[in-house]
Amino acid sequence: MERRNDEKKARLLKALEAGMTQIHLDARRPGVLVPKKFLGDHHLVLNVSYRFDPPDLSVNDWGVRETLSFGGERFTVGVPWSALYAIASHISHDFFMFPEDMPEELLQGAVERQTTVPPPERRSPVAAMLAEVASGLSNEPEPPPARAALREVVLENPVGGTEEPPKDPTPPKRGHLRLVK
């Protein structure tokens, strides 16, 4: 247990070095300090950063503490390592999951939705990791990936020659940003 907490701490510190980081936690676990309206959440996501005001982020052997803003009101949250089950960096896009600490609802939901999940390239990091965990829990083999073949289509001219596909008559739209000197 302590080794897993050390790994969580090391992963979180590494992600925080890069910048803002998301922590995924089960707010129902003992020791969690969050606003009352979130205490029943089994999947609460908080953004933490050394740059938030006030700069009071603390990562230690107990867990994570920081003053965060919830709807404009500040609240000092406390998350023990036992409640934290995923870490995602906004900057490096690294994602770390600790399935042994995940709530049962997420694991069961992942198994039930395994047949209806989007393809891997359209999944969020959390959904991809949940699907991976679920595939290890399910006894059913994973379906083979879909295959498609692409081929060039040439339009024939009634005279017998070929023509290129019509070009889009609308010019590309200008960007919404402009340089002001």
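Tabulated values for the structure
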quantity	calculated
Test: residue in segment 66-87 that is surrounded by 10 or more Cβ atoms within 10 Å (Cβ to Cβ), among the basic types (Lys, Arg), closer than 21 Å to GLU17 by Cα and modelled with pLDDT of 60 or more	no
THR21 touching a Lys or Arg at 6+ places or on another chain (Cβ under 6 Å) and among the polar types (S, T, N, Q)	no
Cβ pairs under 9 Å, 6+ apart, first in segment 30-44 and under 10 Å from GLY78 (Cα atoms), second assigned to a loop (DSSP other than H, G, I, E, B)	GLY31/TRP62; VAL32/ASP26; VAL32/LEU39; VAL34/ALA27; VAL34/ASP41
In segment 48-61, residue modelled with the lowest pLDDT [restricted to those that are surrounded by 14 or more Cβ atoms within 10 Å (Cβ to Cβ) and either part of a loop (DSSP other than H, G, I, E, B) or within 20 Å of the chain's Cα centre (by Cα) (or both)]	PHE52
Matching option when the condition is of a type in the set (Lys, Arg) and loosely packed, with under 15 Cβ neighbours inside 10 Å, among ARG4, ARG11	ARG4
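The values are calculated or read from the model by the stated rules, or taken from the named source; none is laboratory data. Here the structure is a predicted model, which is why all the values come from computation and not from measurement. Note that we place each Cβ from the backbone using ideal geometry, even for glycine, and neighbour counts take in every protein chain shown.
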